[in-house]
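Participant: First the structure, which I've put down as structure tokens, then a few questions once you've had a look.
Every number here is computed from the coordinates shown, using simple stated rules; none is lab data. None of the values given here were measured: they were computed from a predicted structure. Reconstructed Cβ throughout: ideal geometry from the backbone, glycine too, with neighbour counts over all protein chains shown.
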Amino acid sequence: MNARTCCREASQWLAPSIGLALIPKCPMCVAAYVATITGAGISLHTAAGIRWGLLILCISAIGLVGIRAALRLVAKSNNERWHRHSCR
């Protein structure tokens, strides 16, 4: 594994994890962040929807990366097992 592959795999885990850690815990904070960044005010209901959407997005991304890593591990294990049996 070269450095580029290693960094890419680490960033696939790191980006959604940091996003999940930085998501505000209350809808009022989401509304305040949106107002601060864009200058537009949103309702608390909309802010709660945005918060849930971000949570689902980050958790799904972490789950996808985890499933891909597990499948890669299983494929590597099967390949090594097949190679061991064919070399006898």
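Participant: For every helix of n ≥ 4 consecutive DSSP H residues, a contribution of -39,500 (n - 2.57) applies; sum these over the chain, divide by its total residues, and give [θ] at 222 nm rounded to the nearest 500 deg cm²/dmol. Don't skip to the end; give the middle numbers.
Facilitator: On the way: 3 runs with 75 residues, N = 88.
When only DSSP H runs of four or more count, the value is -30000 deg cm²/dmol.
Participant: For the chain, calculate the relative contact order in percent as a whole number, restricting contacts to Cα pairs under 8 Å that are 6 or more residues apart. Show your work: numbers first, answer last.
Facilitator: Working: 42 pairs, mean separation 25.3, N = 88.
29 percent.
Participant: Apply the membrane-span-like helix rule to the chain: whole DSSP H runs, Cα extent along the own long axis of at least 30 Å, mean Kyte-Doolittle hydropathy at least -0.5. List the helices found. Working shown, then result.
Facilitator: Details: long enough: 44-86 (62 Å, 0.41).
Helix filter hits for the chain: 44-86.
Participant: Arrange the following residues from fewest to most other Cβ atoms within 10 Å of their Cβ: Glu80, Glu9.
Facilitator: On the way: Glu80 10, Glu9 15.
With the fewest neighbours first, Glu80, Glu9 line up as Glu80, Glu9.
Participant: Could you point to the label whose value was computed as Rg/Rh (Cα atoms, Kirkwood Rh) for the structure here, given (1) 1.27; (2) 1.16; (3) 0.94?
Facilitator: (1)
Participant: Gain in length, Leu14 to Asn79, computed as 0.36 nm per residue apart minus the alpha-carbon separation, to one decimal in nm? Please report the intermediate quantities before stating the final value.
Facilitator: Numbers: separation 65, 0.36 × 65 = 23.40 nm, distance 2.83 nm.
Here the segment from Leu14 to Asn79 would lengthen by 20.6 nm.
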